[in-house]
Amino acid sequence: MIPLSLTATLRSPVHLGAKSTAGNFLTGLDYLPGRSLLGAVAWAWIDAGGDPGSPEFAHRFVSGAVSWGDLHPVPVKEETGAAVDGEPLVVPRTLKICKLLRLGHGLVDVLITTPPPDACPACGVGLDRLDGVLASDQDGRWLSPALHRRHRAHVAIAFATGTARSGDLYSREVLEEGQVFRGQIHCADERTAQAILDELPRLRLAVGGARSRGFGQIDVQVTRAMSPTLEGLRQQSERVAQSPVDVWYFTLTAASPWCVRETDGAHARSLTPLRLAQALGVDASNALIVRGDARSENRSGWDGAAGLPTEVRHVIVAGSTFLCAVRGLDGSTLRDRLLRLIGRGIGEHRAEGLGRVTVNHPLHFISRGGRS
C-alpha cells in the first residue's frame, strides 16, 4: 500500500446531499465522500481524453488497486487562518470531553483506561462524546474544524420548457468556498501512485450536485504520505499491552465506514471475534474483542453514471472502535499482519474509501491537560 495525501480546496459552493431532508430543504454532508471523489476523478479522466474501456481505467477505478478515501475538513490556525498541515483523524467513539469547558479540559479516552472515568478529571463535571474529526498542528495541539455553511434558494426548472416550474421553490445547504479538506488515496503499486501524483492536480474536478449552476468546483494537491512503521506500531502496542505476556492487545478504529458481511451474507453491525480472526489470519479461538463502542446505520446514494440509486448498505460507522486481543502470534508476525490490514482495509467497497482501519489510534493515548 502506497499512501498519498490529497488536499482539496473548494473553489465554489459544494452540495453533497444527505439522506436527512425535510420538505423542500436539502441538507448536505460535512465531508467529501470517497465515492464522490472516485466518480469525479473518473469523469475528469475521461473528459481529459482517457478511454473508459481501457485496462488503465479499469485498474484505477474498478479493480480496487486504488482506494479513494473520504476528505474531511481541516482546522485552521487561529493566528493566521491558514489550514494546519496535519491529517484530519476521525475521532474514536470512546473519546470524551468535559460537558462544561469542552476541549478546554482536554481529552479523555474510555477504551483503554481502567477503570474508565465517568467524569472530567479536571473538574468532576460529566463527560460528553466528541464526534467529528481532529487534526494536530505543528505545536502538537489537537484542533477541531469549524465548517462554514449557508443556504441557497432555487427555483426548479421545467426541462420541457426551460422555464421556472410554478410554485416549486427549494433550498439546499452548501459548504462555502475557500474551505480545505484532506484525506488519503491508497495505491497498490508505485506506477499508479506516480501517475496520480502527476495527473490529478491537472484535472478539472467537480463533486456533488448542482454542477450545472457552477457548484462543486475543487482544486486538489497530492503529496506522498508517511506510511505506518513497524517501530511506531510497536511503541504504541506497548502502551496498550496488558498481562498475560502471550496475549497481544491493540485497538482498531473505523477510519471510514465499514461494510462487512457475516457468514450468512447479512451486513455486520459490529466487529466480531470471527471477523477479527479472519482479518489477521489466526484461529477464531485466539481472537477476542475485549470491549468496544460501535454504531451502525443504513447508507444509500446515487449512481450518476447509471442514473439510479445505489444499493442500501448497512455499515459500521466511522469512529467505531475496539480493544482487541490476539494470542498465538509472535510480535513481528502480528505487526506485519496489522500493517497489511491498514493497507488493505476490511470489508467491501474499499475502492470507494470504505473499510479504512486505524491501528492504535493516537487519540487513545492523549492525556488530559494542555490545550487541545
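Some observations on this one:
- Odd one out for G353 among (1) under 22 Å from L127 (Cα atoms); (2) at pLDDT below 90; (3) touching a Lys or Arg at 6+ places or on another chain (Cβ under 8 Å): (1)
- Flag for V62 being more than 18 Å from the chain's Cα centre (by Cα) and among the β-branched types (V, I, T): yes
- Residues that are surrounded by fewer than 17 Cβ atoms within 10 Å (Cβ to Cβ), out of contact with any strand residue (DSSP E or B) (no Cβ under 9 Å at 6 or more places or on another chain) and either under 28 Å from A254 (Cβ atoms) or modelled with pLDDT under 90 (or both) within region 25-46 are absent altogether.
- Of A241, A225, A164, all but one fail to be among the small types (G, A, S) and either at pLDDT 90 or above or closer than 26 Å to R350 by Cα (or both); the exception is A225.
- F322 fulfils the conditions (1) open to solvent by 10 Å² or more (accessible area, probe 1.4 Å); (2) modelled with pLDDT of 90 or more; (3) in a strand (DSSP E or B) except for a single criterion, (1).
- Screening region 84-133 for residues that are among the β-branched types (V, I, T) and at pLDDT 90 or above and picking the one that is farthest from F322 (Cα to Cα) gives V133.
- Just one of (1) outside any loop (DSSP other than H, G, I, E, B); (2) touching a Gly at 6+ places or on another chain (Cβ under 6 Å); (3) at pLDDT below 90 fails for G208. It is (1).
- So G178, is it modelled with pLDDT of 85 or more and out of contact with any helix residue (DSSP H, G or I) (no Cβ under 7 Å at 6 or more places or on another chain): yes
- So G86, is it part of a loop (DSSP other than H, G, I, E, B) and touching a Ser or Thr at 6+ places or on another chain (Cβ under 9 Å): yes
- Taking residues in region 111-137 that are in contact (Cβ under 8 Å) with a residue 12 or more places away in the chain and outside any loop (DSSP other than H, G, I, E, B), and partners anywhere that are open to solvent by less than 30 Å² (accessible area, probe 1.4 Å) and of a type in the set (S, T, N, Q), the pairs with Cβ atoms closer than 8 Å and at least 6 places apart or on different chains are L134/S372.
- Meets criteria (of a type outside the set (D, E, K, R) and under 27 Å from V133 (Cα atoms)) for G69: yes
- Region 257-273: number of residues that are farther than 15 Å from A318 by Cβ, outside any loop (DSSP other than H, G, I, E, B) and open to solvent by less than 40 Å² (accessible area, probe 1.4 Å): 1
Residue-by-condition table, conditions (1) farther than 23 Å from G34 by Cβ; (2) of a type in the set (K, R); (3) buried (at least 21 other Cβ atoms within 10 Å of the Cβ):
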residue	(1), (2), (3)
V66	no, no, yes
L71	no, no, yes
P75	no, no, yes
E78	yes, no, no
G81	yes, no, no
V90	no, no, yes
R93	no, yes, yes
R102	yes, yes, no
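The values are calculated or read from the model by the stated rules, or taken from the named source; none is laboratory data. Since the model is a prediction, treat every value here as computed from it, not as a measurement. Every residue, glycine as well, gets a Cβ built from its backbone with ideal geometry; the counts of neighbours run over all protein chains shown. With ligands, DNA and RNA removed, areas are computed over all heavy atoms of the protein, side chains included. Shrake-Rupley method; radii C 1.70, N 1.55, O 1.52, S 1.80 Å.
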